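Structure first, then comments.
The values are calculated or read from the model by the stated rules, or taken from the named source; none is laboratory data. All values reported here derive from a predicted model rather than from experimental measurement. We place every Cβ from the backbone using ideal geometry, glycine too, and count neighbours over all the protein chains shown.
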Amino acid sequence: MLNQEIKVPDVGFTHEDFAALLDQYDYHFNPGDVVAGTVFSLEPRGALIDIGAKTAAYIPIQEMSINRIDSPEEVLQSNETREFFILADENEDGQLTLSIRRIEYMRAWERVRQLQTEDATVRSAVFATNRGGALVRIEGLRGFIPGSHISTRAAKEDLIGEELPLKFLEVDEERNRLVLSHRRALVERKMNRLEVGEVVIGTVRGIKPYGAFIDIGGVSGLLHISEISHDHIDTPHSVFNVNDQLKVMIIDLDAERGRISLSTKQLEPEPGDMVKNPQVVYEMAEEMAEKYRQKVLQPQQEEVVMTVSDVDTEVTEVTEVTV
């Protein structure tokens, strides 16, 4: 009886089977996944996060925010549960690297694309300048304002800390390009208070072979050489000097491009007066502008009204036939 061999039942369950069972219930994580995790240890330069993996995942401080932070406590709290982006695969210790910054980065680009689609005006403070222009942050992303799109008389260095209204020029996540315009935002705001056919007072700020740039209340309009006078002009320099004040009429407002087109030609009582006697042009400006509005703008408005009326008539006729 004592020498009887005790038989161990063959359960058919090896170490390999056990490992396979563990793998079956183990979560597989891949770079690019967004997972839920709970903070269980804050460290000076990072934090350990429980995401259900075999080993606690790690998030370094530089990956905690799209903005610069000095300590993990500025972003995370112990036992907090939130979303994390898997930035890198397991290292030699089986530990994954996480990121919050990447999630904020993706959502920020999504938001600025939406703002661009809406043609929204945003405001942001300049935090740095360089030879080409100024740098701002929009939704945490670094944006660039080219010097040609900064509409202010202040030196670029003096803009640091100043909050500017801005419009989007380019939103390209793949190339990491976010380009904005201060000038276009100002022009749009000014345009909302301007009308085609309106006479305004401006100051010559620049003269080019093709025309003169006129400052009208903080925004720039172009007085093209062909719109200076009915007489032929070789160069705008023969008519204007920088800092000259003059009356001009608005003949076009292009909000999409941020352009204002001006004319003194349409204000001439007699062809060539801008060359021979500009003072007479300025004295008669309002009267000539009224004639321009009656001759050019009023027929256009009447045509629009007639077109709408015709459409209404057609709709009524179709409705009657259908009924």
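Working carefully through the options VAL187, VAL171, find the one that is touching a strand residue (DSSP E or B) at 6+ places or on another chain (Cβ under 7 Å), closer than 30 Å to GLN294 by Cβ and in contact (Cβ under 8 Å) with a residue 60 or more places away in the chain. Give the steps one after another, and end with the answer.
Values: VAL171 fails: closer than 30 Å to GLN294 by Cβ.
Exactly one of VAL187, VAL171 is touching a strand residue (DSSP E or B) at 6+ places or on another chain (Cβ under 7 Å), closer than 30 Å to GLN294 by Cβ and in contact (Cβ under 8 Å) with a residue 60 or more places away in the chain, namely VAL187.
Here is a check on your reading of the model: is LEU186 out of contact with any His (no Cβ under 9 Å at 6 or more places or on another chain) and either charged (D, E, K, R) or in a helix (DSSP H, G or I) (or both)? Before the answer, list the steps.
Numbers: out of contact with any His (no Cβ under 9 Å at 6 or more places or on another chain): yes; either charged (D, E, K, R) or in a helix (DSSP H, G or I) (or both): yes.
Here the answer is yes, as LEU186 does meet what is asked.
In region 145-165, how many residues are outside any loop (DSSP other than H, G, I, E, B) and free of Cβ contacts under 8 Å to residues at least 24 places away in the same chain? Break it down stepwise before answering.
First pass over region 145-165, keeping only residues outside any loop (DSSP other than H, G, I, E, B): 145-149, 156-160, 163-165.
From the residues that got through so far, the ones that are free of Cβ contacts under 8 Å to residues at least 24 places away in the same chain too are 147, 158.
Counting residues in region 145-165 that are outside any loop (DSSP other than H, G, I, E, B) and free of Cβ contacts under 8 Å to residues at least 24 places away in the same chain gives 2.
Scan region 191-215 for residues that are in contact with a helix residue (DSSP H, G or I) (Cβ under 6 Å, 6 or more places away or on another chain), touching a residue at least 60 places away in the same chain (Cβ under 8 Å) and part of a loop (DSSP other than H, G, I, E, B) and jot them down. Please lay out each step first, then the result.
Of region 191-215, the ones in contact with a helix residue (DSSP H, G or I) (Cβ under 6 Å, 6 or more places away or on another chain) are 197, 199, 207, 210-212.
Add one more test, that the residue is touching a residue at least 60 places away in the same chain (Cβ under 8 Å), and what stays is 197, 199.
Answer for region 191-215, where residues must be in contact with a helix residue (DSSP H, G or I) (Cβ under 6 Å, 6 or more places away or on another chain), touching a residue at least 60 places away in the same chain (Cβ under 8 Å) and part of a loop (DSSP other than H, G, I, E, B): just GLY197.
Looking at ARG142, is it of a type in the set (Lys, Arg), in a strand (DSSP E or B), surrounded by 13 or more Cβ atoms within 10 Å (Cβ to Cβ) and under 22 Å from the mean Cα position of the chain (by Cα)? Show your work before the answer.
Details: of a type in the set (Lys, Arg): yes; in a strand (DSSP E or B): yes; surrounded by 13 or more Cβ atoms within 10 Å (Cβ to Cβ): yes; under 22 Å from the mean Cα position of the chain (by Cα): yes.
Taking the combined requirement at face value, the residue satisfies it.
Among the residues of region 256-278 satisfying the criterion of being part of a loop (DSSP other than H, G, I, E, B) and crowded, with 22+ Cβ neighbours inside 10 Å, which is modelled with the lowest pLDDT?
GLY258
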